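Undergrad: My structure is below; once you've seen it, I'll send some questions.
The values are calculated or read from the model by the stated rules, or taken from the named source; none is laboratory data. Everything numeric here is computed off the predicted structure, so don't read it as measured data. Ideal geometry is used to build each Cβ from the backbone, glycine not excepted, and the neighbour counts take in all protein chains shown. SASA here: full protein model, heavy atoms, side chains in, ligands and nucleic acids out. Shrake-Rupley method; radii C 1.70, N 1.55, O 1.52, S 1.80 Å.
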Amino acid sequence: MKKFFPSIFVLFLLVAVGCKQKEATEKTITATNSIRYADGFELYEYKNFSVLKVTRPWPGATENLTYILKKNAVAIPDSLSKFPTISVPIKSVLVTSTTHLPALEILDELTALKGFPGLDYISSDLVRAKIEAGSIREIGKNETLNTEIVLDVDPDVLVAFGMDGNNQVLNTLEKSGIQVVYNGDWAEQTPLGKAEWIKFFGALFNKGDVAERTFTTIENNYKETLEKISTAKTKPTVVSGAMYQDVWYLPQGQSWAAVFFNDAQADYLWKSSEGTGSLSLSFEAVYDRAKNADFWINPAQFETLAQLKKANPHYANFEAFKNKEVYSFVGKKGKTGGVLFYELGPTRPDLVLKDLISIIHPEIFPDYQRTFYERLQ
């Protein structure tokens, strides 16, 4: 018994220590959210895994969607085992919004892109080349994805966006074993908040360092531009939007577009309106306040002054129209009609801001070549 007792004691000690270490690990494992501007997702990075928490997959969402991104064949804490686990870096992906594409291009992961719903909407030359080469498949429409093609592609991840959580096709795909991860970049209402979603893709591809460097560059460019425009001595007035049927739609005061106008040192005439969506006004209400506005920016889908006047002859009575100070981004398109701004603008707010300043305060960037905006002819 004297010889046997030490062995039992050592075994008991090892088990006890192991249990204590596991208990301590699960209790003490902590990380800080690395996301600084976006309020639609959070990212917590640990040694061998990350926790990606999408806090607003769509407006009005009441629950978070949490995904565990696991590196290599490592164990994760039991407390996280209830969440979907994804091995990273992923090797293949389907995305469903053109706003997802610049991140793949920046991260040099276009070879992982296997399909997209509505290929004609894509403007990127690099992506279009891969489409023409047959390496990216058409997968239908976001609301009604072609389940047969998606299942045939069998991607590591399908990055989706939703107006709510009731997309039956996505629910069916999940039940069939397709890992769906929701991306809510479109619901962000600040320029840098939208741009920071590049870190979402950085986490999926295990390229968080590249995503962080890229975002920091964009952030610094944006802040430097804000510093330059802070010396502007005037705030020219701006009207936006246009009529659709009998209603004039224009951005509310806390919307993404309105934030850009404010940062560009413009006096957006509806800056005091509450909300992050669109205002719905009559022509008379807009004309009464904005007939003498210095600039008309983003006049809906119109690409020329002639189109504007044909749609509504009263548009020609605005001073901005008379002075040919009407600007839009819809003219910059890819080979098949995809609008560049919709694709790249959310990821590059620094370029959007410079474009707007070059319009509203041309003295700040006198020789600047705009990326998105053009004067309507």
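Undergrad: Dipole of the chain (Lys/Arg Cβ +1, Asp/Glu Cβ -1, origin at the Cα centre): which of SER240, ALA285, ILE131 lies farthest to the positive side?
TA: ILE131
Undergrad: Can you work out the accessible area per residue across the stretch 61-100, with the rest of the protein chains kept in place, probe 1.4 Å, in square angstrom?
TA: Spelled out: the 1.4 Å probe surface of the stretch 61-100, per residue, equals 49 Å².
Undergrad: Okay, next question. With a cut-off of at most 15 other beta carbons within 10 Å, and DSSP calling the residue loop, which trypsin sites (Lys or Arg not before Pro) in the stretch 309-354 qualify? Please list them.
TA: The qualifying sites are LYS324, LYS335.
Undergrad: Measure off, as a whole percent, the carbon and sulfur share of the 1.4 Å-probe accessible area of the chain, all protein chains present.
TA: That share works out to 52 percent.
Undergrad: Tell me which residues come under 5 Å, amide H to amide H, from LEU376 once H is placed; ignore anything under 5 positions away on its chain.
TA: Answer set, sorted by chain and number: VAL326, TYR327, SER328.
Undergrad: For ARG375, ARG289, ARG348, ARG128, give the ranking by accessible area with the largest first, probe 1.4 Å.
TA: ARG289, ARG375, ARG348, ARG128
Undergrad: Mind putting a number on the dipole of the chain about its Cα centre? Charges go on the C-beta only, +1 for Lys and Arg and -1 for Asp and Glu, and I need it in Debye to the nearest 20.
TA: About 900 debye.
Undergrad: Return the sequence-ordered ³J(HN,Hα) values of the stretch 129-134 in whole Hz as given by the Karplus equation 6.51 cos²θ - 1.76 cosθ + 1.60 applied to θ = phi - 60°, using x for Gly and Pro.
TA: Coupling constants for the stretch 129-134: 5, 6, 5, 5, 7, x Hz.
Undergrad: Also, I was wondering about something else. Within the stretch 37-79, list the trypsin sites (Lys or Arg not before Pro) lying in a DSSP loop whose Cβ has at most 14 other Cβ atoms in a 10 Å radius.
TA: Within the stretch 37-79, the qualifying trypsin sites (Lys or Arg not before Pro) (loop, at most 14 other Cβ atoms within 10 Å) are LYS47.
Undergrad: Write out the GluC sites (Glu not before Pro) in the stretch 206-314 meeting two conditions: DSSP loop, and at most 12 other Cβ atoms within 10 Å of their Cβ.
TA: Of the GluC sites (Glu not before Pro), the ones in loops of the stretch 206-314 whose Cβ has at most 12 other Cβ atoms within 10 Å are GLU274.
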